[in-house]
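Trainee: Take this structure first; my questions come after.
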Amino acid sequence: MQVTLRHAGQSEISFACEADDTVLVAARRAGVTLHVACEQGGCGACRARLLQGAVHYPLPASSRWLDEGSGSEDYTLLCRAVPISPLVVETAHPWRQRDRAPLSRILGG
Ligand code: FES
């Protein structure tokens with residue numbers, strides 16, 4: 001599945017999510033660091049607005065963070081959410097992308 005992240009002030013980013021992987025695991029594999037804390041579906045740090053697509057939760061995720069919202073907005077917890085269709089989510093916090101520059105440049109060589 002394709003996962004696309006949006007956040008105000010950042011360029012949109014997309015990466016692949018393999019079957020049964022959470023968005024968090026897929027993001028890490030793609031070199032993207034998300035804002036997380038507990039990584040167990042309990043704290044809400046990774047909560048994001050679900051703009052398109054659907055997810056399921058094979059492991060527990062607090063309904064407190066999923067149900068809380070205004071009107072018809074849907075929310076998801078990226079540390080627990082496993083996509084079942086292509087996703088577009090708006091994160092509450094910026095993400096960071098790992099520098100893919102050659103190691104020699106990073107090390108100044
Ligand atoms: S990091 Fe705590 S709920 Fe996702």
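The values are calculated or read from the model by the stated rules, or taken from the named source; none is laboratory data. These figures come from a predicted structure and were not determined experimentally. We place every Cβ from the backbone using ideal geometry, glycine too, and count neighbours over all the protein chains shown. Each accessible area value is taken on the protein alone, full model and side chains, heavy atoms only, with ligands, DNA and RNA left out. Shrake-Rupley method; radii C 1.70, N 1.55, O 1.52, S 1.80 Å.
Trainee: Restricting to the range 19-46, what's the tally of residues that are within 7 Å of the ligand (Cβ to nearest atom) and under 19 Å from V88 (Cβ atoms)?
Mentor: Of all residues in the range 19-46, those within 7 Å of the ligand (Cβ to nearest atom) come to 36-46.
Subset that is under 19 Å from V88 (Cβ atoms): 46.
Selection size over the range 19-46: 1.
Trainee: How many residues are part of a strand (DSSP E or B) and open to solvent by 60 Å² or more (accessible area, probe 1.4 Å) when one looks only at the range 1-13?
Mentor: Count: 2.
Trainee: Quick check: anything in the range 30-49 free of Cβ contacts under 8 Å to residues at least 40 places away in the same chain and loosely packed, with under 13 Cβ neighbours inside 10 Å?
Mentor: Yes, the range 30-49 contains at least one residue that is free of Cβ contacts under 8 Å to residues at least 40 places away in the same chain and loosely packed, with under 13 Cβ neighbours inside 10 Å.
Trainee: Residue check: is T22 touching a residue at least 12 places away in the same chain (Cβ under 8 Å) and open to solvent by less than 30 Å² (accessible area, probe 1.4 Å)?
Mentor: yes
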